[in-house]
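Undergrad: Okay, handing you the structure first.
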Amino acid sequence: MITATQMRGARAMTGMSIEELAAASGLPVATVETMERDEQDGEPHALLAIKQALEAAGIIFIASGNHDEGGPGVRLRARTGADEGIRPENLNAANDD
C-alpha cells in the first residue's frame, strides 16, 4: 500500500493540511495524524481512503524499486489541458488577481 512518508510527502506536494486530507478521505483528523506518524500499520480501508484522496489531488504513488532504484515515493501528475493557469512569461500587473 502506501507508507507514512509517502503520505506526508504527498500532502506537502499538494499543499493539503491534515484537516483537508481528513475531510477528503472521510477519516477523522486523529486517524490521519496517527497514520502519518507511522504509529500503526493502519487499517486497509483507511490507507485506501487516504491514497484515493491524494490521487484525486494529483499524486502518483511510486512503488519501491530495488536497491539501485530507491524506495517508495510520490510525484505530481502532469497537468494537461486548460488547467495550466498563466505561464510565467505572461505574468504582469494586468493579470495579478
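Undergrad: How much net charge surrounds Leu54 when only other residues with a Cβ under 14 Å from its Cβ are counted (Lys, Arg +1; Asp, Glu -1)?
TA: +2
Undergrad: If you keep only loop residues by DSSP, which GluC sites (Glu not before Pro) in segment 1-66 have at most 14 other Cβ atoms within 10 Å of their Cβ?
TA: When the GluC sites (Glu not before Pro) of segment 1-66 are filtered for loop state and at most 14 Cβ neighbours within 10 Å, Glu39 remain.
Undergrad: Something else now. How many nm separate the modelled label positions at Leu91 and Glu43, each set 7 Å beyond the Cα in the direction of the Cβ?
TA: 4.4
Taken together, the values in this text are just the output of simple stated rules run on the coordinates, not laboratory data. Quick caveat, the model's predicted, so the values are computed rather than measured. Counting neighbours? That spans all protein chains shown, and the Cβs are built from the backbone with ideal geometry, glycine included.
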